[in-house]
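The values are calculated or read from the model by the stated rules, or taken from the named source; none is laboratory data. On a predicted model such as this, the values are computed, not experimentally measured, just so you know. Heads up, the Cβs are rebuilt from the backbone with ideal geometry, glycines too, and the neighbour counts pull from every protein chain shown. Please note that ligands, DNA and RNA were not included when accessible areas were found on the heavy atoms of the full protein model with its side chains. Shrake-Rupley method; radii C 1.70, N 1.55, O 1.52, S 1.80 Å.
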Amino acid sequence: MASAPTQLQHYPPRLAARILVAEDHPINQVLVRKILEKLGFDVLLAADGEIALSLWRADPLCIDLILMDIQMPNLDGLETTRRIRQDESHSRRSVPIVALTAHAMNGDAERCLQAGMNAYLSKPIDISRLVSTLHGLLSAQPAAS
Ligand code: MN
């Protein structure tokens, strides 16, 4: 899914941020957590969209960004994103949400953006694209408290 984790330390700069990872596949959970922690991020893991939604609702201010798998049981990534955006509609905050999807199908990117996601990454994860996407979105707004 990703290339050698030893190369990760060469990516500057580090941003202190907490990332909620919504991902149902156990191997991807381990891999994504490892990559993000190597990059210096705090990682919160949710095994499906329902769990991700309740973690975010419990403390939206402590989550700086969400990496969202699309295909998940209970609540998929698109519906989870729609519910978060609905909750946010009366607030000034908008958590950056990045789609992670296994199938780079036609129309996927558009569906993700329509659901309210900010960006779209396909698996296997390209680490330099991941890093530039995260840094672009995280530096665009102040860190969570
Ligand atoms: Mn999945």
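A few points about this structure:
- Criterion (under 14 Å from the mean Cα position of the chain (by Cα), open to solvent by less than 60 Å² (accessible area, probe 1.4 Å) and more than 16 Å from the ligand (Cβ to nearest atom)) met by exactly one of Ile35, Ile97, Ile70, Ile66: Ile35
- The range 58-106, residues that are farther than 21 Å from Lys123 by Cβ, among the hydrophobic types (A, V, I, L, M, F, W, C) and modelled with pLDDT under 95: Leu61, Cys62
- If the condition is being farther than 14 Å from Leu78 by Cα, surrounded by fewer than 16 Cβ atoms within 10 Å (Cβ to Cβ) and modelled with pLDDT of 90 or more, then the range 107-127 contributes only Asp126.
- Across the range 81-94, the qualifying residues are those that are of a type outside the set (Asp, Glu) and open to solvent by less than 70 Å² (accessible area, probe 1.4 Å), and the one among them that is farthest from Gln29 (Cα to Cα) is Ser91.
- Filter result for Leu78 (open to solvent by 10 Å² or more (accessible area, probe 1.4 Å), touching a helix residue (DSSP H, G or I) at 6+ places or on another chain (Cβ under 9 Å) and either within 14 Å of the ligand (Cβ to nearest atom) or in contact (Cβ under 8 Å) with a residue 40 or more places away in the chain (or both)): yes
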